[in-house]
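Input: a single structure, listed below in structure tokens.
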Amino acid sequence: ETDVLRAVATESWTAERRRRALEQSERQALIESFHRERGELAGQLAEYEDAEQAMTAERRAGPLDLPEQGADVTQARLTEQLSDMAARRLRAIEHAIERADHGKLGLCEHCGGRISENRLRALPSATQCIRCARDLEAGR
């Protein structure tokens, strides 16, 4: 009887250890992908800034006809929107990296449960699991 209990406990402990190791490797891969994406976003933001500066310089260089002005305004608005989106994503990723540095990435601040990798990839700054986020939205 004791041997059976010991075998069950050992198997349970080993399975839990494997699960945690897998979670740690998944978390590390996620953090590495955040670092890569942060670099890419920083590059995109620099490109958007360069494009905005080029458009400004072009406007100063000489008068544009009406269609060129319209295209220029449209391009400026699009660049600004893309820049804003990239900046928001960059802030979210930096928040996720900060949480990872403190050992909190993937842990729900509300219940202490696990935040899924898919949720973190979509919303890097997520601090709540899906269940807690739904409960909070529903006012529970």
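The values are calculated or read from the model by the stated rules, or taken from the named source; none is laboratory data. Given the structure is predicted, the values throughout are model-derived calculations rather than measurements. Note that we place each Cβ from the backbone using ideal geometry, even for glycine, and neighbour counts take in every protein chain shown. What goes into the accessible areas is simple: the full protein's heavy atoms, side chains included, and nothing from ligands, DNA or RNA. Shrake-Rupley method; radii C 1.70, N 1.55, O 1.52, S 1.80 Å.
Each row is one residue, and each column tells you yes or no for (1) within 20 Å of Glu26 (Cβ to Cβ); (2) in a helix (DSSP H, G or I); (3) of a type outside the set (A, V, I, L, M).
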residue	(1), (2), (3)
Asp50	no, yes, yes
Ala54	no, yes, no
Arg59	no, yes, yes
Asp72	no, yes, yes
Arg91	no, yes, yes
His95	yes, yes, yes
Arg119	yes, yes, yes
Thr127	yes, no, yes
Asp135	no, yes, yes
Discussion item. Looking at the structure I just gave you, is Ala122 loosely packed, with under 12 Cβ neighbours inside 10 Å and at pLDDT 85 or above?
Written reply: yes
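Please go through region 62-89 and pick out each residue that is hydrophobic (A, V, I, L, M, F, W, C), more than 28 Å from Arg121 (Cα to Cα) and open to solvent by less than 90 Å² (accessible area, probe 1.4 Å).
Leu64, Ala71, Val73, Ala76
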Item to complete: Output the residues belonging to region 97-117 that are free of Cβ contacts under 8 Å to residues at least 12 places away in the same chain and assigned to a helix (DSSP H, G or I).
Response: Glu98, Asp101
Worksheet, complete the sentence: Given (1) at pLDDT 80 or above; (2) touching a Leu at 6+ places or on another chain (Cβ under 9 Å); (3) open to solvent by 60 Å² or more (accessible area, probe 1.4 Å), Glu58 misses just (1)
Worksheet entry | Checking Ser12 against (1) under 21 Å from Asn118 (Cα atoms); (2) at pLDDT below 80, the condition it does not meet | (1)
